[in-house]
1. Quick check: from the Cα gyration tensor, does the range 50-121 come out rounded (a/c under 1.5), prolate or oblate?
2. Go through the range 29-40 residue by residue and turn each phi into a ³J(HN,Hα) via Karplus (6.51, -1.76, 1.60, θ = phi - 60°); whole Hz please, and just put x for glycine and proline.
3. Compute the signed sum of charges (Lys and Arg +1, Asp and Glu -1) over the other residues within less than 10 Å, Cβ to Cβ, of residue 125.
4. Counting Lys and Arg as +1 and Asp and Glu as -1, each charge on the Cβ, what is the dipole of the range 23-146 about the Cα centre in debye, to the nearest 20?
5. By accessible area of protein heavy atoms, probe 1.4 Å, what ranking do 46, 78 get, highest first?
6. Pop the C-beta distance of residue 43 and residue 93 into the FRET formula with R0 = 25 Å and round what comes out to the nearest 0.05.
7. Restricting attention to the range 79-155, which chymotrypsin sites (Phe, Trp or Tyr not before Pro) occupy a DSSP loop and are surrounded by at most 16 other Cβ atoms within 10 Å?
8. Rounded to the nearest whole Å², what accessible area per residue is found for the range 34-157 with the 1.4 Å probe?
Amino acid sequence: MIPTSMQFVIGNVNLVHAQSLDEARAWAQLDPHHAALGYESSEVLRWIHNMEPELNVPVTQGECYIVMCRDAPASDARAPTREAHLGWLRESHRVLLAGPLLGADDSAVGTLLVVHGNGDELEDVREWALKDPYALEGLFEEVFVAPIAAYGDIGQLCDTLPDN
C-alpha cells in the first residue's frame, strides 16, 4: 500500500428542504451512493433551524465546520441545560446555523451546528464543541466535527434557508 496524505470523505450530511420526512427519505433513496450500498448507515432526521439572529452570524472568509452531536439514550440534560447551551453559542460568535435534530416522534435526538473555524484547526473546533454546556452535562453521546466541503456558497445557503 502506498501512504498518502489525501483525506477521504468519512460521511455526508445533506440539508434538504422537504415537506415531510417521507419526502426527504424518498430524496435520500435517489442518492447514487445509497443505491450502490456505499454508506455503512444512513438516517433522515428533521432539523429545526433556530432563527435567532445571535445564532446566525454573517459568513466571513475561512473554513467552516459541521458539528453534529448525538444525544445519549435516556438523557434528561437537554431541557435544564438549554439556556446555558444557547448562551454559550451566542457568546462564541462562530455559529452560522444551529438547531436540534429530531427523531421520528419529534423528540430531540441531537444538535446540528454549522460554525466558523475562526482560524482554528479541526481539533481546536472539536475542543470548542466539547465545551458546550450540553456536552459538559453529559447530554451528548457522540460529537462529530468535520470541515465542510460545500457544493456552492455557504453564505448563500445560510441566506436562503426557509423559516421553520
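The values are calculated or read from the model by the stated rules, or taken from the named source; none is laboratory data. This structure is a prediction, so every number in the text was calculated from the model and none was measured. We place every Cβ from the backbone using ideal geometry, glycine too, and count neighbours over all the protein chains shown. The accessibility values were calculated without ligands, DNA or RNA, using every heavy atom of the protein model including side chains. Shrake-Rupley method; radii C 1.70, N 1.55, O 1.52, S 1.80 Å.
1. Cα axes put the range 50-121 in the prolate bin.
2. 4, 7, 4, x, 5, 5, 4, 8, 6, x, 9, 5
3. Around residue 125, the surrounding residues sum to -4.
4. The dipole magnitude comes to about 240 debye.
5. Final ranking, largest accessible area leading: 46, 78.
6. FRET efficiency, residue 43 to residue 93: 0.25.
7. Details: sites: 88, 128, 134, 140, 144, 151; in loops: 151.
Answer in residue order: 151.
8. Numbers: 6910 Å² over 124 residues.
Counting only protein heavy atoms, the per-residue value for the range 34-157 is 56 Å².
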